[in-house]
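What follows is a set of notes on a single structure, which appears directly below.
The values are calculated or read from the model by the stated rules, or taken from the named source; none is laboratory data. This is a predicted model, so every value here is computed, not measured. Please note: Cβ atoms are built from the backbone with ideal geometry, for glycine as well, and neighbour counts cover all protein chains shown. Accessible surface areas use protein heavy atoms only, side chains included; no ligands, DNA or RNA. Shrake-Rupley method; radii C 1.70, N 1.55, O 1.52, S 1.80 Å.
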Amino acid sequence: MKNTREKIICAAVSVWNEDYSAPLKFIAREAGISRMTLHRHFCGRDAILQAIGDDFVDRVVQVLDEAQQEMRPPIAQMQSVLKRTHRLGENYNFLFDLFEQKGCPEALIERFRVFEERFAEFFDTLVAQGVVKPGVN
C-alpha cells in the first residue's frame, strides 16, 4: 500500500491531468483522505506541484539509468528511453501544459536541469557509440 504522501501525489497527477484548476478537496477525495490530512503533508498547491515535479524527474532519471545499464545494443537502449519517457510524458501531461502556459516554477528549475544533464549524458554516449550523428540535437 502506498503511503499517504504518495497517494496524494498520485491523486494530484490524476486530478490535475483532467483540470489543473481543480481544488485541493478533489485531490483529497481522489486520495481517499481528508483535506486536513492532505495539509499535514503539503502546505498547498505549490508544495504538491514541487513534489510532482521531483517525482517526474526522479522517474525520468531512473529510466535513463536503467537504459544505460541494460546489456542491449545502444539503439535498443534509445528505443527503451523514448518509449518509457513518452509514457511518463502522457502520465504527467498537465506539467507540460502548465509550464507552457506559466513557465517552469522557480523551485523546479534546478531539478529539471538534473534531468536535462542526465539526458545529455545519455545522448552523448549514443553519439560516442556512433548511434547518433554528431551535431544532432
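Name the single residue, out of those in the stretch 87-137 being more than 22 Å from Asp46 (Cβ to Cβ), polar (S, T, N, Q) and touching a residue at least 40 places away in the same chain (Cβ under 8 Å), that is most open to solvent (accessible area, probe 1.4 Å).
Gln129
How many of the residues in the stretch 57-81 are exposed (fewer than 15 other Cβ atoms within 10 Å of the Cβ) and of a type in the set (A, V, I, L, M, F, W, C)?
3
What tally of residues in the stretch 12-35 results from selecting those that are within 16 Å of Gln50 (Cβ to Cβ) and open to solvent by less than 40 Å² (accessible area, probe 1.4 Å)? Steps first, answer last, please.
Here is the first cut: in the stretch 12-35, the ones within 16 Å of Gln50 (Cβ to Cβ) are 12-13, 16, 20, 24, 27.
Checking which are open to solvent by less than 40 Å² (accessible area, probe 1.4 Å) leaves us with 12-13, 16, 24, 27.
Going through the stretch 12-35 one residue at a time, the tally reaches 5.
Restricting attention to the stretch 1-56, report how many residues are assigned to a loop (DSSP other than H, G, I, E, B) and of a type in the set (Val, Ile, Thr).
Residues meeting the conditions: 1.
Of all residues in the stretch 57-76, count the ones that are touching a helix residue (DSSP H, G or I) at 6+ places or on another chain (Cβ under 7 Å) and outside any helix (DSSP H, G or I).
So in the stretch 57-76, the residues touching a helix residue (DSSP H, G or I) at 6+ places or on another chain (Cβ under 7 Å) come out as 57, 59-61, 63-64, 67-68, 70, 74.
Pick out the ones that are also outside any helix (DSSP H, G or I) and you get 70.
Summing the residues that are touching a helix residue (DSSP H, G or I) at 6+ places or on another chain (Cβ under 7 Å) and outside any helix (DSSP H, G or I) in the stretch 57-76 gives 1.
Anything in the stretch 19-34 that is among the charged types (D, E, K, R) and at pLDDT below 95? List them, or say none.
Filtering the stretch 19-34 down to residues among the charged types (D, E, K, R) leaves 19, 25, 29-30.
Matches in the stretch 19-34: Asp19 only.
Taking only the stretch 50-102 into account, find how many residues are modelled with pLDDT under 85 and aromatic (Phe, Trp, Tyr).
2
Sort through Val127, Val132 and tell me the only one that's farther than 16 Å from Arg59 by Cα, among the β-branched types (Val, Ile, Thr) and touching a Lys or Arg at 6+ places or on another chain (Cβ under 9 Å).
Working: Val132 fails: touching a Lys or Arg at 6+ places or on another chain (Cβ under 9 Å).
The conditions single out Val127.
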